[in-house]
Amino acid sequence: MAANILVVEDEPAIQELLAFNLQQAGHHVLSAGSAEQAHFLLREALPDLILLDWMLPGVSGIEFARRLKSESFSKSIPIIMLTARGEEQDKIAGFETGADDYITKPFSPRELMARIKAVLRRRAPQMTGEAVEIGGLRLDPSSHRVSGHNPKGAQEGASAKLIELGPTEFRLLHYLMTHPERVHSRGQLLDQVWGSQVFVEDRTVDVHIRRLRRALEETGLDGLIQTVRGSGYRFSEKG
């Protein structure tokens, strides 16, 4: 699945090469030549991942990463540091700022794409495009199909039934299924599914949870989405 990736690199030739390879891999790219420009872009829309050069004019990549991890709106965005500095102490410094990975220049496009996929799988599994199946419910983001059957029906040879979902319910279910067994507050779900720059009421989540459960009722899988009183919602096979 395509991810929105912000490239923060001050050398135009490298910035252009990174953007080209990312676009060839199907990702959407925003580019910035400085930390200040990147911070402005982040205020407009949050990316799924940031490729951040260590050596930037003005505010360094290390200082910018530290700032991003200290601000509530950006602290959850995964960061891959790009640098020509390959010493162990430099890598440790990068990781201590909260960076998720560290790539030493020069690197191949294949290595970069593999690192991006690995980081997204860990930090934002809903962005990898891989199908996920839990408790008889299967969601395939590449085909945008959801199917399911009650586990009891599966034992009796019943075929899976396609489940029709609206785009918001699909994104909501995808996020819940890729983060199972965790309790998510309404605010967290709004940030992750609707985006932190979208201003809607917390109760909007309740409306879409009801629609999602209603769509799953026919397969008997609506119980996978559980209400945790006073806290939020959880996707779980456990009763």
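The values are calculated or read from the model by the stated rules, or taken from the named source; none is laboratory data. Because the structure is predicted, anything quoted here is derived from the model rather than measured. Ideal geometry is used to build each Cβ from the backbone, glycine not excepted, and the neighbour counts take in all protein chains shown.
Structure summary
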quantity	calculated
Among (1) closer than 27 Å to residue 42 by Cα; (2) touching a Phe, Trp or Tyr at 6+ places or on another chain (Cβ under 6 Å); (3) modelled with pLDDT under 90, the one test that residue 180 misses	(1)
Residues of region 211-225 that turn out to be farther than 12 Å from residue 148 by Cα and surrounded by 13 or more Cβ atoms within 10 Å (Cβ to Cβ), as a count	5
Counted residues, region 193-216 - those being modelled with pLDDT under 85, under 17 Å from residue 165 (Cβ atoms) and touching a helix residue (DSSP H, G or I) at 6+ places or on another chain (Cβ under 7 Å)	1
